[in-house]
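Peer 1: One structure coming up, written as structure tokens, with questions to follow.
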Amino acid sequence: MFDFDSFREIISTIKKNKLRTFLTGLAVTWGIFMLIVLLGFANGFRNATMTNFSDRANNTISVNPGWTSMPYHGTPSNKEIKLDYRDYDLIRSKITNVEYLSPQISKSGTIAYEKQFGSWRMTGVSPDFASIMNVKIQEGSGRFINEIDMKDMRKVIVINSDMKKVLFKDENPIGKYVISNKIVYQVIGVYDRKNQFNNDLPAYVPFSTAQLIFKQGGNFDRISFTVKGVNTEEASETFEKTLRKKIAAIHRFDPEDMSAIYVRNTAKDSAQTAKILNIINLFILIIGAASLVAGIVGVGNIMLITVKERTREIGIRKAIGASSGSILRLIITEAIFITTAAGYVGIVLGTAITGAIGFLIEANATGDGPSMLKDPTVDLFTVVIATLALILCGVGAGLIPALKATRVSPIEAMRAE
Amino acid sequence: MIKIRNLNKTYNNGSPLHVLKGINMDVEDGEFLSIMGASGSGKSTLLNILGILDTYDTGEYYLDNLLINKLSENKAAEIRNRKIGFIFQSFNLISFKNALENVALPLYYQGVSRKKRNILAMEYLDKMGIASHAEHLPNELSGGQKQRVAIARALIARPQIILADEPTGALDSKTSGEVMQLLRQINTDDKITMLIVTHEQAVSEATDRIIHIKDGLIGSITINESPTIAL
């Protein structure tokens with residue numbers, strides 16, 4: 001169907017109308033360019049959000065204490081619930097598939113090193129916490145809290161990169177001592193706060209040490225743990241219900257009382273986030289496709305004008321023996337040629353721009369805080385689909401004008417001056 | 001070559017217009033004849049039917065012993081391409097193709113390779129005496145040169161008959177004479193049947209037989225014993 005000769009025929013007709021062909025193609029280029037860039041940004045946004053969420057293992061469940069809002073078995077409402085070792089034991093031994101588990105207690109205060117100081121939160125955690133919250137300590141930046149720290153109630157502290165900047169400037173903080181509330185802690189590690197969604201990141205101390213120093217009488221501010229196999233929204237709901245029931249039995253409150261304890265489940269969160277991201281993606285796809293369609297309608301429109309202008313030529317071709325099929329092919333291939341060539345330019349430009357933006361983001365990454373975009377590029381599959389869609393669109397754009405061209409009557413066409 | 005029996009054609013644009021009212025005519029192989037008539041006599045319609053560019057309502061039309069009736073568009077295109085050469089009053093060259101490409105176009109639709117058809121086209125342009133203008137676009141050529149290109153295009157597919165519609169209509173008398181001479185020469189040398197439709201007395205007098213058509217009917221047929229090109 002497509003040989004070099006017909007290609008030559010098309011080139012010769014395109015050459016006749018360079019500017020018009022260029023402008024027509026520009027609409028398609030722009031359409032596909034916007035589609036690629038929009039999809040690239042959508043991907044970038046998705047990647048960034050997913051990375052920001054990766055500060056927690058994506059099946060983390062945290063339990064926070066609250067106040068009851070319903071009377072239960074003679075207990076009036078408005079009773080404060082306090083989490084303690086009973087809850088910890090429950091989760092550790094009565095709930096299956098728990099992988100990592102850490103109780104937490106927090107206190108805010110001043111942390112000082114020599115003449116520098118700042119006000120931060122200190123949180124007592126167990127070694128498991130690093131796995132639960134994805135706390136990353138880079139090589140050469142020390143270590144996280146371990147079992148010996150816990151057992152010996154060592155006064156050691158893991159600070160974050162922000163604190164290091166304020167307190168130590170360019171000094172190496174490992175092994176140095178900081179003071180908080182008249183107690184001296186040795187710095188054992190600096191964790192990276194990059195990709196951590198939370199802006200108020202604490203310094204970590206061993207849980208046993210915190211219990212001793214913060215004097216909270218055996219109550220926990222929070223219990224965090226990860227569970228295997230709770231990934232879907234439905235599974236999360238069921239799991240949460242069972243957990244509530246069990247904790248309610250310990251503290252004697254109504255399992256339906258949602259304010260007695262707060263259960264936060266990242267599996268549910270990330271499922272919901274994924275849903276939102278999908279909606280955003282779909283929305284962007286629709287906008288992009290719409291702008292592409294506008295370009296394609298433009299091509300169709302111009303082809304229609306072209307056919308009208310070339311009525312005489314088509315008539316002559318038919319008179320000297322061109323079949324309807326060859327006229328149809330001539331017009332459709334021209335439309336395909338314009339859309340694909342122009343679209344290809346759009347694809348290349350779009351990929352180049354998104355690639356460049358991705359590169360700039362990577363190069364300028366400061367390391368503080370989360371970024372809005374990460375790797376904003378489209379995958380090869382999308383590009384292949386877009387190319388195929390372009391060819392299809394070319395056929396669509398050329399079809400009506402081409403059919404019109406085949407209906408040209410040679411006599412009338414040649415009579416028209 | 002051509003056998004037409006009781007050919008009728010009516011146009012139905014608003015009110016029906018009976019253009020051809022029973023035409024009977026025969027054209028022998030290698031004839032050089034003309035169809036004459038005033039405008040509105042039906043001669044153009046007849047030419048279009050002869051060229052399979054238009055259909056007829058009743059009657060019979062045989063071209064080279066083949067009944068031409070209700071052919072598919074593609075079949076008609078193929079017959080036009082292989083058997084019939086057209087020459088038009090307004091030349092009908094494709095404006096953005098040069099002389100050579102215009103001449104070669106019928107062969108493109110026959111599927112002849114580019115190289116081969118360009119060689120052939122050059123040959124025919126040379127025969128018409130305008131090989132030096134092969135690379136020129138139609139608007140860079142004079143009327144006579146354009147008609148020569150058109151004649152070369154009509155000849156390149158080696159048709160059995162050439163249908164010429166007022167071939168000299170847009171030319172001055174000197175060029176007209178040259179074109180008529182050329183057509184006569186082709187008729188003699190290549191034995192190609194030549195049918196010229198015209199309203200000019202002088203043109204028709206250059207042919208061997210003149211068919212007069214009037215109000216959709218053949219009026220009279222004149223045998224021209226001594227054809228003269230007096231243009």
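Peer 1: Out of (1) more than 37 Å from the chain's Cα centre (by Cα); (2) open to solvent by less than 50 Å² (accessible area, probe 1.4 Å), the odd one out for A:Arg154 is which?
Peer 2: If we test A:Arg154 against (1) more than 37 Å from the chain's Cα centre (by Cα); (2) open to solvent by less than 50 Å² (accessible area, probe 1.4 Å), just (2) comes out false.
Peer 1: Looking at the range A:158-178, can you tell me whether even one residue there is in contact with a Ser or Thr (Cβ under 9 Å, 6 or more places away or on another chain) and in a helix (DSSP H, G or I)?
Peer 2: Checked the range A:158-178: at least one residue is in contact with a Ser or Thr (Cβ under 9 Å, 6 or more places away or on another chain) and in a helix (DSSP H, G or I).
Peer 1: Any idea which of B:Ile151, B:Ile84, B:Ile119, B:Ile94 is out of contact with any Gly (no Cβ under 9 Å at 6 or more places or on another chain), more than 8 Å from chain A (Cβ to nearest Cβ) and of a type in the set (Val, Ile, Thr)? Spell out the reasoning first.
Peer 2: Working: B:Ile151 fails: out of contact with any Gly (no Cβ under 9 Å at 6 or more places or on another chain); B:Ile84 fails: out of contact with any Gly (no Cβ under 9 Å at 6 or more places or on another chain); B:Ile94 fails: more than 8 Å from chain A (Cβ to nearest Cβ).
Unique residue meeting the criteria: B:Ile119.
Peer 1: I'd like to know if the range B:88-108 contains one or more residues that are touching a His at 6+ places or on another chain (Cβ under 8 Å) and within 22 Å of B:Ile229 (Cα to Cα).
Peer 2: At the first step, the residues of the range B:88-108 found to be touching a His at 6+ places or on another chain (Cβ under 8 Å) are B:98-99.
Imposing the further condition that a residue be within 22 Å of B:Ile229 (Cα to Cα) reduces the set to none.
No, the conditions are met nowhere in the range B:88-108.
Peer 1: Restricting the range A:115-126 to residues that are in contact (Cβ under 8 Å) with a residue 12 or more places away in the chain and either surrounded by fewer than 19 Cβ atoms within 10 Å (Cβ to Cβ) or in contact with an Asp or Glu (Cβ under 6 Å, 6 or more places away or on another chain) (or both), which is farthest from A:Gln211 (Cα to Cα)? Talk me through it step by step, then tell me what you get.
Peer 2: Here is the first cut: in the range A:115-126, the residues in contact (Cβ under 8 Å) with a residue 12 or more places away in the chain are A:116-118, A:120-126.
When the remaining residues are screened for being either surrounded by fewer than 19 Cβ atoms within 10 Å (Cβ to Cβ) or in contact with an Asp or Glu (Cβ under 6 Å, 6 or more places away or on another chain) (or both), the result is A:116-118, A:121.
Numbers: A:Gln116: 26, A:Phe117: 24, A:Gly118: 22, A:Arg121: 15 Å.
Here the answer is A:Gln116.
Peer 1: Is it the case that some residue within the range B:222-230 is at pLDDT below 90 and among the aliphatic types (A, V, I, L, M)?
Peer 2: Yes, some residue in the range B:222-230 is at pLDDT below 90 and among the aliphatic types (A, V, I, L, M).
Peer 1: Quick check on the range A:390-417: of everything there that is aliphatic (A, V, I, L, M), under 46 Å from the mean Cα position of the chain (by Cα) and open to solvent by less than 40 Å² (accessible area, probe 1.4 Å), which residue is nearest to the other protein chains (Cβ to nearest Cβ)?
Peer 2: A:Ala402
Peer 1: Among A:Asp368, A:Asp375, A:Asp379, which is the only one that is open to solvent by 50 Å² or more (accessible area, probe 1.4 Å), more than 14 Å from chain B (Cβ to nearest Cβ), on the phi > 0 side of the Ramachandran plot and modelled with pLDDT under 85?
Peer 2: Details: A:Asp368 fails: on the phi > 0 side of the Ramachandran plot; A:Asp379 fails: on the phi > 0 side of the Ramachandran plot.
So the residue among A:Asp368, A:Asp375, A:Asp379 that is open to solvent by 50 Å² or more (accessible area, probe 1.4 Å), more than 14 Å from chain B (Cβ to nearest Cβ), on the phi > 0 side of the Ramachandran plot and modelled with pLDDT under 85 is A:Asp375.
Peer 1: Looking at A:Val293, A:Val348, can you tell me which residue is free of Cβ contacts under 8 Å to residues at least 60 places away in the same chain, of a type in the set (Val, Ile, Thr), farther than 30 Å from A:Ile91 by Cα and more than 14 Å from every other protein chain (Cβ to nearest Cβ)? If you could, list the steps in order and put the result at the bottom.
Peer 2: Details: A:Val293 fails: free of Cβ contacts under 8 Å to residues at least 60 places away in the same chain.
Result: A:Val348 is the single residue among A:Val293, A:Val348 that is free of Cβ contacts under 8 Å to residues at least 60 places away in the same chain, of a type in the set (Val, Ile, Thr), farther than 30 Å from A:Ile91 by Cα and more than 14 Å from every other protein chain (Cβ to nearest Cβ).
Peer 1: Can you pull out the residues in the range A:101-150 that are aliphatic (A, V, I, L, M) and part of a strand (DSSP E or B)?
Peer 2: Within the range A:101-150, the first condition is being aliphatic (A, V, I, L, M), and the residues that meet it are A:101, A:105, A:111-112, A:122, A:125, A:130, A:132-133, A:135, A:137, A:145, A:148, A:150.
Those that are aliphatic (A, V, I, L, M) and part of a strand (DSSP E or B): A:Leu101, A:Ile105, A:Ile111, A:Ala112, A:Met122, A:Val125.
Peer 1: Give the residue, chosen from B:Thr10, B:Thr55, that is of a type in the set (Ser, Thr, Tyr) and within 20 Å of A:Gly315 (Cα to Cα). Show your work before the answer.
Peer 2: On the way: B:Thr10 fails: within 20 Å of A:Gly315 (Cα to Cα).
Matching residue, one of B:Thr10, B:Thr55: B:Thr55.
Peer 1: Residue under question is A:Val190, and the condition is that it be in contact (Cβ under 8 Å) with a residue 60 or more places away in the chain and open to solvent by less than 60 Å² (accessible area, probe 1.4 Å); does it hold? First the steps, then the outcome.
Peer 2: Working: in contact (Cβ under 8 Å) with a residue 60 or more places away in the chain: no; open to solvent by less than 60 Å² (accessible area, probe 1.4 Å): yes.
No: the conditions fail for A:Val190.
Peer 1: Determine if the range B:178-186 includes at least one residue that is open to solvent by 50 Å² or more (accessible area, probe 1.4 Å) and closer than 19 Å to B:Ala121 by Cα. First the steps, then the outcome.
Peer 2: Of all residues in the range B:178-186, those open to solvent by 50 Å² or more (accessible area, probe 1.4 Å) come to B:178, B:181, B:184-185.
Checking which are closer than 19 Å to B:Ala121 by Cα leaves us with B:185.
Taking every residue of the range B:178-186 in turn, at least one turns out to be open to solvent by 50 Å² or more (accessible area, probe 1.4 Å) and closer than 19 Å to B:Ala121 by Cα.
Peer 1: Consider only pairs whose beta carbons are under 6 Å apart and that are at least six residues apart or on different chains; among these, list those whose first residue lies in the range A:220-243 and is farther than 18 Å from A:Ser259 by Cβ and whose second residue is open to solvent by 70 Å² or more (accessible area, probe 1.4 Å).
Peer 2: A:Thr226/A:Glu99; A:Thr226/A:Tyr100; A:Val227/A:Asn97; A:Lys228/A:Asn97; A:Lys228/A:Glu99; A:Gly229/A:Asn97
Peer 1: Among the residues of the range B:72-93 satisfying the criterion of being open to solvent by 60 Å² or more (accessible area, probe 1.4 Å) and free of Cβ contacts under 8 Å to residues at least 60 places away in the same chain, which is farthest from B:Met25 (Cα to Cα)?
Peer 2: Per the criteria, the residue is B:Asn74.
Peer 1: Could you give every pair whose Cβ atoms fall below 9 Å, whose first residue belongs to the range B:110-138 and is free of Cβ contacts under 8 Å to residues at least 40 places away in the same chain and among the β-branched types (Val, Ile, Thr), and whose second residue is buried (at least 17 other Cβ atoms within 10 Å of the Cβ) and not in a helix (DSSP H, G or I), counting only separations of at least 6 or pairs across chains?
Peer 2: Close Cβ pairs (under 9 Å, with a partner that is buried (at least 17 other Cβ atoms within 10 Å of the Cβ) and not in a helix (DSSP H, G or I)) amount to B:Ile130/B:Leu141.
Peer 1: Continuing with the same structure: Here is a list of conditions, (1) away from chain A (no Cβ under 14 Å); (2) part of a helix (DSSP H, G or I), and B:Ala104 meets all of them except one; can you say which number that is?
Peer 2: (1)
Peer 1: Just give me the residues in the range A:215-268 being of a type in the set (Asp, Glu) and open to solvent by less than 40 Å² (accessible area, probe 1.4 Å), in sequence order.
Peer 2: A:Glu240, A:Asp254, A:Asp257
Peer 1: OK, next. Inspect all residues belonging to the range A:25-43 and state whether any of them is more than 31 Å from the chain's Cα centre (by Cα) and modelled with pLDDT of 85 or more.
Peer 2: Initially, the range A:25-43 is screened for residues more than 31 Å from the chain's Cα centre (by Cα), giving A:25-26.
Going one step further and asking which of them are modelled with pLDDT of 85 or more, we end up with A:25-26.
The answer is yes, given that some residue of the range A:25-43 is more than 31 Å from the chain's Cα centre (by Cα) and modelled with pLDDT of 85 or more.
Peer 1: Just wondering, is there one or more residues in the range A:274-285 that are open to solvent by less than 40 Å² (accessible area, probe 1.4 Å), among the small types (Gly, Ala, Ser), away from chain B (no Cβ under 14 Å) and part of a helix (DSSP H, G or I)?
Peer 2: Checking the range A:274-285: at least one residue is open to solvent by less than 40 Å² (accessible area, probe 1.4 Å), among the small types (Gly, Ala, Ser), away from chain B (no Cβ under 14 Å) and part of a helix (DSSP H, G or I).
Peer 1: Determine whether B:Asn69 is over 21 Å from the mean Cα position of the chain (by Cα) and either away from every other protein chain (no Cβ under 12 Å) or assigned to a helix (DSSP H, G or I) (or both).
Peer 2: Details: over 21 Å from the mean Cα position of the chain (by Cα): no; either away from every other protein chain (no Cβ under 12 Å) or assigned to a helix (DSSP H, G or I) (or both): yes.
Against the criterion (over 21 Å from the mean Cα position of the chain (by Cα) and either away from every other protein chain (no Cβ under 12 Å) or assigned to a helix (DSSP H, G or I) (or both)), B:Asn69 does not qualify.
Peer 1: A further question on this structure: What pairs can you find where one residue is in the range A:128-153 and free of Cβ contacts under 8 Å to residues at least 60 places away in the same chain, the other is in a helix (DSSP H, G or I) and open to solvent by 50 Å² or more (accessible area, probe 1.4 Å), and their Cβ atoms are less than 8 Å apart, with a gap of 6+ or different chains?
Peer 2: Pairs that qualify, where the first residue is free of Cβ contacts under 8 Å to residues at least 60 places away in the same chain and the partner is in a helix (DSSP H, G or I) and open to solvent by 50 Å² or more (accessible area, probe 1.4 Å), are A:Met153/A:Leu212.
Peer 1: Shifting gears a bit: Within the bounds of the range A:54-76, is there any residue that is among the β-branched types (Val, Ile, Thr), modelled with pLDDT under 80, surrounded by 21 or more Cβ atoms within 10 Å (Cβ to Cβ) and under 31 Å from the mean Cα position of the chain (by Cα)? Give the steps one after another, and end with the answer.
Peer 2: Taking the range A:54-76 and keeping what is among the β-branched types (Val, Ile, Thr), we get A:60-61, A:63, A:68, A:75.
Filter once more, so that each one left must be modelled with pLDDT under 80: A:75.
Next cut, surrounded by 21 or more Cβ atoms within 10 Å (Cβ to Cβ) only: none.
Within the range A:54-76, none of the residues are among the β-branched types (Val, Ile, Thr), modelled with pLDDT under 80, surrounded by 21 or more Cβ atoms within 10 Å (Cβ to Cβ) and under 31 Å from the mean Cα position of the chain (by Cα).
Peer 1: Tell me which residues, restricted to the range B:116-162, are open to solvent by 40 Å² or more (accessible area, probe 1.4 Å) and in a loop (DSSP other than H, G, I, E, B).
Peer 2: B:Gly129, B:Glu135, B:His136, B:Leu137, B:Ser142, B:Arg158, B:Gln160
Peer 1: Cβ contacts < 7 Å: first residue more than 17 Å from B:Gly169 (Cα to Cα) and free of Cβ contacts under 8 Å to residues at least 60 places away in the same chain, restricted to the range B:39-68; second residue among the basic types (Lys, Arg) and open to solvent by 60 Å² or more (accessible area, probe 1.4 Å), any location; separation 6+ or different chain. Result?
Peer 2: As it stands, the answer is B:Gly59/B:Arg5; B:Glu60/B:Arg5, since those pairs meet every condition given.
The values are calculated or read from the model by the stated rules, or taken from the named source; none is laboratory data. Computed from a prediction, not measured in an experiment: that's the story for all the values here. Every residue, glycine among them, receives a Cβ derived from its backbone with ideal geometry; neighbour counts consider all protein chains shown. The accessibility values were calculated without ligands, DNA or RNA, using every heavy atom of the protein model including side chains. Shrake-Rupley method; radii C 1.70, N 1.55, O 1.52, S 1.80 Å.
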